[in-house]
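The values are calculated or read from the model by the stated rules, or taken from the named source; none is laboratory data. Please read all numbers here as calculations on a predicted model, not as lab measurements. Ideal geometry is used to build each Cβ from the backbone, glycine not excepted, and the neighbour counts take in all protein chains shown. Note: areas computed on protein heavy atoms with side chains; ligands, DNA, RNA excluded. Shrake-Rupley method; radii C 1.70, N 1.55, O 1.52, S 1.80 Å.
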Amino acid sequence: VVHAFETLAARPEVDSERVGIVGFSVGGSLALLAAADPRIAAQVRWVNAFGAYADAAEYLASVAAHAYQAPDGTVTEWIPTELARQVYLQFLLEGVADPVDRAALEAAFAEAILAADRGTRDGALRASLRTDAARAVYDLMVVRTLAEARQAIAALPAESGDFIAAISPAGSMGGLRADV
């Protein structure tokens, strides 16, 4: 997004003093992250982030639990989009370095997750997993509530937590200078 902004702003037919970024859903979150990036923050005049998430961990919990919590505390059930389910599955599986564990998790859960279902708990499968990372991913794949999802996300490997923090606009808004 930063590169696209730089490319557009550099074009001779574009008034670089009036360029902004728009994004919808996850794209809105990426728009906010890009607009706060120090390489372009001073040049971005406006951001329109429609339906964006502020906290990637909370969004991940919502996808896992098939529910989201409104600011008033009300929890609403929902079915994540097909793309959200695909990205969720890919993110979780990429967090498991052990190929045997990754294959076991994919075989047990991929079809259900992609079909908008949630995984079924299987104590024997969890016990057979060889790594802590795989067990942490398993625990997230079988959650039923937002509270369980939040707890499982907190137990993911540090690398996963670092990535989640890096794609959370809430943590980078200090660098945002554009109108939103």
From (1) open to solvent by 30 Å² or more (accessible area, probe 1.4 Å); (2) in contact with a Leu (Cβ under 9 Å, 6 or more places away or on another chain), pick out the condition that doesn't hold for Ser128. (2)
Looking at the structure I just gave you, is Val96 at pLDDT 95 or above, within 28 Å of Phe5 (Cβ to Cβ) and open to solvent by less than 60 Å² (accessible area, probe 1.4 Å)? no
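Given segment 30-87, what strands (runs of 3 or more DSSP E) lie entirely inside it while holding 3 or more residues that are within 26 Å of Ile113 (Cα to Cα) and open to solvent by 30 Å² or more (accessible area, probe 1.4 Å)?
The strands (runs of 3 or more DSSP E) meeting that bar are 75-77.
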Between Arg150, Arg118, Arg177, Arg130, which is at pLDDT 95 or above, outside any helix (DSSP H, G or I) and out of contact with any Gly (no Cβ under 6 Å at 6 or more places or on another chain)? Arg130
Do the conditions hold for Ser172, that is, is it among the hydroxyl-bearing types (Ser, Thr, Tyr), part of a helix (DSSP H, G or I) and touching a Gly at 6+ places or on another chain (Cβ under 8 Å)? no
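Could you check segment 162-180 and list, in sequence order, the residues that are over 18 Å from Ser25 (Cα atoms), open to solvent by less than 40 Å² (accessible area, probe 1.4 Å) and not aliphatic (A, V, I, L, M)?
Correct list: Gly175 only.
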Test: residue in segment 59-78 that is touching a residue at least 40 places away in the same chain (Cβ under 8 Å), aromatic (Phe, Trp, Tyr) and in contact with a strand residue (DSSP E or B) (Cβ under 7 Å, 6 or more places away or on another chain): yes
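State whether the residues of segment 35-51 include one that is within 18 Å of Ala152 (Cα to Cα), of a type in the set (Val, Ile, Thr) and over 15 Å from the mean Cα position of the chain (by Cα).
no
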For segment 99-118, the count of residues that are surrounded by 13 or more Cβ atoms within 10 Å (Cβ to Cβ), among the aliphatic types (A, V, I, L, M) and over 14 Å from Tyr138 (Cα atoms) equals 2
The correct count of residues that are part of a helix (DSSP H, G or I), under 21 Å from the mean Cα position of the chain (by Cα) and modelled with pLDDT under 95 in segment 1-27 is 2
The condition of being hydrophobic (A, V, I, L, M, F, W, C), assigned to a helix (DSSP H, G or I) and within 26 Å of Leu33 (Cα to Cα) holds, among Leu105, Leu156, Leu125, Leu92, only for Leu92
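Which residues, counting only those in segment 136-147, are part of a helix (DSSP H, G or I) and open to solvent by less than 20 Å² (accessible area, probe 1.4 Å)?
Ala136, Val137, Tyr138, Leu140, Met141, Leu146
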